[in-house]
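In what follows, a structure is listed as structure tokens, so that the remarks can point back to it.
The values are calculated or read from the model by the stated rules, or taken from the named source; none is laboratory data. On a predicted model such as this, the values are computed, not experimentally measured, just so you know. Cβ sites come from the backbone with ideal geometry, for glycine too, and all protein chains shown count toward neighbours. Just so you know, the surface numbers come from the protein's heavy atoms only, side chains and all, with ligands and any DNA or RNA stripped out. Shrake-Rupley method; radii C 1.70, N 1.55, O 1.52, S 1.80 Å.
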Amino acid sequence: MTLLVESAVTGALLVAVVLLAVAVLKGRSAALRHWVLIVGLAAAALMPVFDNLTPAWGFGVPLRVPAEAITTGVVLAPGLGADAGAASDAFPPAGPAAARVGLAQAIAGWLAPLVPLWGVVVVALLARLAAGLMRLAWLARTARAVPGGPWAGTLSELTRRHAVRRPVRVLATAHPSILATWGWRRPVILLPDAAAEWPPERVRVVLAHELAHIDRGDWVANLLAEALRAIHWYNPLFWMAARRLREEAERACDDRVLELGVAGPDYAAALLDVARELGTRPRPWVPAVAMVHTSSLERRVKAMLNDRMNRSRVNRTARATSAAALVAAAVGVAGLVSAQNLATVSGGLFDAMNGVLPNATVVLTNTATQAKFEIRSDNVGRYEFPGVPPGTYVLQASLPGFATLLVEGLVIQGGRATRDMVMKVGSLEETITVLGESPSSTLPQPSTARARRSVPPCPGSTGGIPVGGNIRPPIKVRDVRPVYPESLRAAGIEGLVVLNAIIGTDGFIREATPVVEAHPLLAQAAVDAVRQWEFDETLLNCVPVEVSMRVVVNFWASRRVVRLGLELEGGQRPVLTLRHGQTGTIRTPELGGYALRAVVQPGDSDVLVLITNEAGGPVRRLALKAGAPPVPSGTNPPFQIAVLDVTRQ
């Protein structure tokens, strides 16, 4: 629906430009004005293509669109356990976003109830056009060839004069008011039966006029105009353009007849004689180029008798220049209207205490094309994406220490979409592996402790605006390891326990709840240990806040050993054997030194490999499956890495 409205608006604007150009070219030849009309109507037919490919600019009409927000968690700070990973957390949907949609969308909404009526009329007009073509075909089948005499000889001569290379048939039909030309590959000139008795002078001007139509391709141009008029039947500009196209085609062909040396008064007299003979009888409508239209006859006669009239043909330079100008106009019109659909997406980022969040990464992703726009919020937490094309987007905001915020299903259709977002403090995750290799794992383990930190100085403000985002992540000050139940260890029973915990504002574990079904004794052992943990306060802008935590406890009766297969440059294929959680190194002249750490995931088939360059640089995290083909390391220089197998010891 939107594309239909855009095409209607841009097509109407372009046709208006074309009609204005034709009016400006009043002193030029009819052939040039006809060419401008043809190119303009062809460009109007292609406006949907221009609308999709042309960059845009402009303003919008205010409406409101809804959007849903989902927050996913990020690691706030690593725990004291062996492993750390990513966490997730739910966030309630945000309120409706104020947005603006473009002119085309607004018009589409207003006119939607009228679409069925538009379709009915279009089908009726196109059916009328098809019926006219069928009538022409029937007239041609039932017509007979015009007898020899002046017709055959004059046709042969004028065909050469007009350089018409296609075979032309001149047929006489029983209908007394038909005088028209139609067809492209095998054009046909239809005449009334009485034309066999016309004098040679009239035969000559009639054939010269109709052959000029064939040489110029006017029938195809008229069909294009009729089809566009059927589609845009509600727009008087298309009716005006189609009528003007016919008139300019007739005058251009009149100029071609006068080029042959026919005197203006003689040609005008012959045209009036034909009009008198045909005009007294009813004429059926057919999509053909008719020689006589009573509505434009007077203007044509005046032009024939005007010796100062410009009758020149259109040369290649004029064709190319006018076509380029009209294409540029089409692109400009498409850009102007398409601009109504471009949006500016903006807003502000705040923490839970209403402090602004500067330097946050904000990414806008088109869900259909995956095109991404990325910026950072300014010093007062504002972000702005100008010139966003229409579509459905995902808006993502991320800042270290905060949960990644996602606004999914954000429909952008033009104008300005505003979204202020509140980011929540991220969550912790800690993974612990309890090995049952010896009876000592079933005994209470000594706790580790450290001193709490003091409260840091509070942040200031920027221009009176409180600056937020000042997070002091918690540090574990007391750690207690889970105890492997002796009965389960002796029986070789393993298990995985996943807990959702909440660290209170005082740093103590306020809640620890199993979220994955596990053996009751293993779950209780994990809960008993985690509830004894203690942290110093998590501070947001110097104020203690609660923070969620996900704890994963692996109870393993035996240790896991991972064999990593590496493929280095030069064909080297070393194998690195690591225990779960252990770090090993590889060192070559080409790669330098890399540290690799293997973390076995539950089920023993998936392994998280952390790769760090000993000289510094980011940590590469690869999720690999045992027995899978090698994958690139993502380092520079790169190498291939695979998990050969995971065994128990």
- request: Please state which of the following conditions T317 fails to meet, knowing it meets all the rest: (1) assigned to a helix (DSSP H, G or I); (2) surrounded by 15 or more Cβ atoms within 10 Å (Cβ to Cβ).
  value: (2)
field: Every residue from the range 261-293 that is part of a helix (DSSP H, G or I) and under 19 Å from R311 (Cα atoms)
entry: G264, P265, D266, Y267, A268, L271
task: Go through the range 128-242 and tell me which strands (runs of 3 or more DSSP E), entirely inside it, have 3 or more residues that are surrounded by fewer than 22 Cβ atoms within 10 Å (Cβ to Cβ) and without any contact (Cβ under 8 Å) to a residue 40 or more places away in the chain.
output: 169-173
message: For the range 528-549: of the residues being touching a Pro at 6+ places or on another chain (Cβ under 7 Å) and among the aliphatic types (A, V, I, L, M), which is nearest to G469 (Cα to Cα)?
response: V547
- prompt: Somewhere in the range 597-619, is a residue under 37 Å from the mean Cα position of the chain (by Cα), on the phi < 0 side of the Ramachandran plot and open to solvent by 60 Å² or more (accessible area, probe 1.4 Å)?
  reply: yes
Candidate set: the range 345-383, residues that are aliphatic (A, V, I, L, M) and assigned to a strand (DSSP E or B); chosen: the one surrounded by the fewest Cβ atoms within 10 Å (Cβ to Cβ): I375
- prompt: Looking at R587, R560, R597, R573, which one is closer than 27 Å to I475 by Cβ and among the charged types (D, E, K, R)?
  reply: R597
- prompt: For R204, all conditions in the list (1) within 42 Å of the chain's Cα centre (by Cα); (2) within 25 Å of T173 (Cβ to Cβ) hold save one; what is the number of the exception?
  reply: (1)
- request: Could you run through the range 484-525 and say how many residues are open to solvent by 40 Å² or more (accessible area, probe 1.4 Å) and assigned to a loop (DSSP other than H, G, I, E, B)?
  value: 10
message: I need the full set of residues from the range 16-29 which are in contact (Cβ under 8 Å) with a residue 60 or more places away in the chain and either more than 14 Å from A323 (Cα to Cα) or in a loop (DSSP other than H, G, I, E, B) (or both), in order please.
response: A16, L19, G27, R28, S29
task: Out of the residues in the range 553-578 that are free of Cβ contacts under 8 Å to residues at least 40 places away in the same chain and either surrounded by fewer than 20 Cβ atoms within 10 Å (Cβ to Cβ) or within 46 Å of the chain's Cα centre (by Cα) (or both), state the one that is nearest to Q649 (Cα to Cα).
output: T577
message: Against the definition (part of a helix (DSSP H, G or I) and either aromatic (F, W, Y) or within 49 Å of the chain's Cα centre (by Cα) (or both)), how does L258 come out, yes or no?
response: no
